[in-house]
Number of protein chains: 2
Amino acid sequence: MAGGKGSERPRYLQIADELKAAIERGDYRPGDRLPGENALAPQYGVAVMTARRALRALTNEGLAESRKGAGVFVQAFRPIRRRGIQRLARDQWGAGKSIWSADEDRPLTVDQVSVQEVVPPTHIAEMLDLGAGETACARSRRFVLDGRPVMLATSYLPYALVEGSAITQADTGPGGTYARLADLGHGPVRFREEIRGRLPTAEEAATLGMSPERPVLKMCRTAFDAQQRVVEVNEMTLDSASYVLDYEFDA
Amino acid sequence: MAGGKGSERPRYLQIADELKAAIERGDYRPGDRLPGENALAPQYGVAVMTARRALRALTNEGLAESRKGAGVFVQAFRPIRRRGIQRLARDQWGAGKSIWSADEDRPLTVDQVSVQEVVPPTHIAEMLDLGAGETACARSRRFVLDGRPVMLATSYLPYALVEGSAITQADTGPGGTYARLADLGHGPVRFREEIRGRLPTAEEAATLGMSPERPVLKMCRTAFDAQQRVVEVNEMTLDSASYVLDYEFDA
């Protein structure tokens, strides 16, 4: 036993580190096939199972993907660039466009949607300043790109505020929820986005179809109207391998 | 074997999920002691080793911390709220304040710093528009709060631009790097921050003193001067358990 740092990190993770470095250097390009477990094992002098675990560490992180019978390939999926500030500008949703269209050319679609009147979790009720027994309209959606689930979002709005509007329907119409809030005299004038990183819960990983060992970005957006009232709280869960968040602003 | 989703997730992670849910509900508060492995094992009908792995999953994620001989406690560290836009406003660094003072009352300190003239990585050279053989001033720093490492940052600036200024010294003086760039006629007028999440490399985890199983947030900040020139690229690695990123902006 040599001791020291090298021996503390499991061998399969050391091999995974070397493969990652090779990908970052460009030795393997997006879409390239990585060496298989039967090639890696003799190369590193390890068991085939160890080589397999190294490759699985890469697929778990979303850096590579396994294709049945064909091998393990460097991830070719180009992450979504999400422009935080430009996409929420009023001239986006004000003109009847979806805020998702401000992100880029590849359109996100919603493949699962549920809209319900609910008693929201305590922290949401507090953020929306709801009294005891007051309900929220909860809009839960799953977003996919090229069939790949990339984000879950649950948006909460005070039910009394949006009752009778298209916000309570699956299809909110041109410009979406923010255009409808504007119709009601409560269009957002200011946003806050709070971002954290963590590992997904079992349910999040299952719904996003991703490994529970790959991180998610948690984003909580608060929308304020001109009277400083919180009119929406949107809790989002983003697959970290699918997104780059991008904020541009003046000094 | 029952099959189905429940049996796919390892038992220790199911127990960890239940403990996390209890923490989120507030059954256990920050600083509270969690049940030990000897209490959890009979409660869930599992081996002590399985209960120990469940607790370790929580400490790895940064939700709890182990204190030698005393047990495992719900994390009491209050994450740093980093206000992306306000902190970089010119009236911060323009007035000679550190941009870190815009975050909150608890001051971050730098406990490791190195300043070097380097040939930067290719992607940095491209972003800074450096020609072949042109060098950068690389400022690497580790930030700590209450003795806890929370962030690594390496800032790159064109060496020819900053040569002879305090930017090439460990102490950049009042207002820091941005105030010195302004002295040189290249003060930043616009910023871009790009954020991703991933697991740390072995080196990042070691330098931040955190578990390699806890995610980091990777942030890349680009600073532009009035001529649209990129005057700085800052690559940051943030412990995800230590930070909430916060962006506020108008619609």
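The values are calculated or read from the model by the stated rules, or taken from the named source; none is laboratory data. These figures come from a predicted structure and were not determined experimentally. Please note: Cβ atoms are built from the backbone with ideal geometry, for glycine as well, and neighbour counts cover all protein chains shown.
Structure above, values below:
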quantity	calculated
Filtered residue count, the stretch A:159-190, keeping only those that are out of contact with any Asp or Glu (no Cβ under 7 Å at 6 or more places or on another chain), touching a residue at least 60 places away in the same chain (Cβ under 8 Å) and not hydroxyl-bearing (Ser, Thr, Tyr)	6
Selected residue [farther than 30 Å from B:Glu193 by Cα and at pLDDT below 85] from A:Ala95, A:Ala2	A:Ala2
Matching strands (runs of 3 or more DSSP E) fully within the stretch A:143-250 where at least 3 residues are in contact with a Ser or Thr (Cβ under 6 Å, 6 or more places away or on another chain) and of a type outside the set (Lys, Arg)	A:148-158, A:230-239
Single condition A:Glu8 does not satisfy, out of (1) surrounded by fewer than 19 Cβ atoms within 10 Å (Cβ to Cβ); (2) modelled with pLDDT of 90 or more; (3) within 12 Å of chain B (Cβ to nearest Cβ)	(2)
Sole residue being surrounded by 19 or more Cβ atoms within 10 Å (Cβ to Cβ) and not assigned by TED's automatic domain parsing to the domain that holds B:Trp93, chosen from B:Ala205, B:Ala223, B:Ala179, B:Ala251	B:Ala251
Subset of the stretch B:38-49 (residues that are of a type in the set (A, V, I, L, M), surrounded by fewer than 18 Cβ atoms within 10 Å (Cβ to Cβ) and either touching a Leu at 6+ places or on another chain (Cβ under 9 Å) or assigned to a helix (DSSP H, G or I) (or both))	B:Ala39, B:Val48, B:Met49
Identity of the residue in the stretch A:192-234, touching a strand residue (DSSP E or B) at 6+ places or on another chain (Cβ under 9 Å) and among the small types (Gly, Ala, Ser), that ends up nearest to the other protein chains (Cβ to nearest Cβ)	A:Gly197
Hits in the stretch A:104-124 - residues which are outside any strand (DSSP E or B), under 20 Å from A:Ala136 (Cβ atoms) and not hydroxyl-bearing (Ser, Thr, Tyr)	A:Val119, A:Pro120, A:Pro121, A:His123, A:Ile124
Verdict on A:Arg52 being more than 19 Å from the chain's Cα centre (by Cα), farther than 30 Å from B:Arg25 by Cα, away from chain B (no Cβ under 14 Å) and in a helix (DSSP H, G or I)	yes
Flag for A:Leu130 being more than 14 Å from chain B (Cβ to nearest Cβ), within 28 Å of B:Ala16 (Cα to Cα), at pLDDT 90 or above and surrounded by 14 or more Cβ atoms within 10 Å (Cβ to Cβ)	no
Every pair of residues 6+ apart whose Cβ atoms lie under 7 Å, when the first sits in the stretch B:235-251 and is at the interface with chain A (Cβ under 7 Å from one of its Cβ atoms) while the second is among the hydroxyl-bearing types (Ser, Thr, Tyr) and not in a loop (DSSP other than H, G, I, E, B)	B:Tyr247/A:Tyr247
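Results for (1) buried (at least 17 other Cβ atoms within 10 Å of the Cβ); (2) in contact with a strand residue (DSSP E or B) (Cβ under 9 Å, 6 or more places away or on another chain); (3) modelled with pLDDT under 95, shown as yes or no for each residue.
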residue: A:Gln116; (1), (2), (3): no, yes, no
residue: A:Pro120; (1), (2), (3): yes, yes, yes
residue: A:Cys137; (1), (2), (3): yes, yes, no
residue: A:Arg142; (1), (2), (3): yes, yes, no
residue: A:Arg148; (1), (2), (3): no, yes, yes
residue: A:Thr154; (1), (2), (3): yes, yes, no
residue: A:Pro158; (1), (2), (3): yes, yes, no
residue: A:Leu161; (1), (2), (3): yes, yes, no
